[in-house]
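Each remark here refers to the structure printed beneath this line.
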Amino acid sequence: MVVERKFIEDAMVKHEISKYLEKTLSRAGFSRVDIQKTPVITRITAYVTNPGRVIGRGGSTIDAITQEIKVKFKIDNPQISVAEVKNEVLEPRLVARHIANALERGANARSLLHSTLKTVIENGALGAEIVATGKLAAKGAKAKQIKVRFGYLPKAGDTVKLVDEAHVTSYPKYGAIGIKVMIVQPGTTFADRQIKKIELPKALEGAK
């Protein structure tokens, strides 16, 4: 019971740190955070599109963030490093943010989700799912959900830990839209099956 409570507490702290970094490093293109605890230090790696914005002149920005995380989240000896995102198209949070921004500019939700899914699969993802829920049409329309999915995407068991996931909210003029993006990264291996490169179906080939 103590171990389970500790696990839950650690997950909550990671979630809160992720929310803090997403807000603080939004201009640096924050994507995700990896946290590893050891008996001596807590290693925090922030993945961003622009590492220079995080480090700052002479390391001043990252030093300030480190100190704030130490105080705000009561973490002893945190050590923060910055890693550059290799492919923005395969980062769920960045994909979701792209969709959110496009919806706020008036893009057609269904076409947008299909074209984004196509791009994700073309970049090597073994599976992906994008879900948009909310006011997806003109003023006065009822809230609804649009879901697009292709490839292998486990939904139960330990294998779900191999799926990267992010949630973002878009705020177009007709009302909030929740966006969920799930991606299975290229090269992911599963104990129960072997997944090769995913070929696009004809329904996605023409998506723009």
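Quick look at the values:
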{"quantity": "Complete set of residues in segment 48-81 that are under 22 Å from V95 (Cα atoms) and among the β-branched types (V, I, T)", "calculated": "V48, T49, V54"}
{"quantity": "Cβ-Cβ under 6 Å pairs, at least 6 apart or on other chains, segment 23-47 side under 13 Å from E91 (Cα atoms), far side assigned to a loop (DSSP other than H, G, I, E, B)", "calculated": "G29/T49; G29/N50; S31/V85; S31/E91; Y47/V85"}
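Quick grid of which residues meet (1) under 19 Å from the mean Cα position of the chain (by Cα); (2) modelled with pLDDT of 85 or more; (3) farther than 25 Å from A102 by Cα; (4) surrounded by 11 or more Cβ atoms within 10 Å (Cβ to Cβ):
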| site | (1), (2), (3), (4) |
| --- | --- |
| T133 | yes, yes, no, yes |
| K144 | no, yes, no, yes |
| P154 | yes, yes, yes, yes |
| L162 | yes, yes, yes, yes |
| V168 | yes, yes, no, yes |
| M182 | yes, yes, no, yes |
| Q194 | no, no, yes, no |
| L200 | no, no, no, yes |
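The values are calculated or read from the model by the stated rules, or taken from the named source; none is laboratory data. Since the structure is predicted, the reported quantities are computational estimates derived from the model, not experimental observations. Note: ideal-geometry Cβ built from the backbone for every residue, glycine included; neighbour counts use all protein chains shown.
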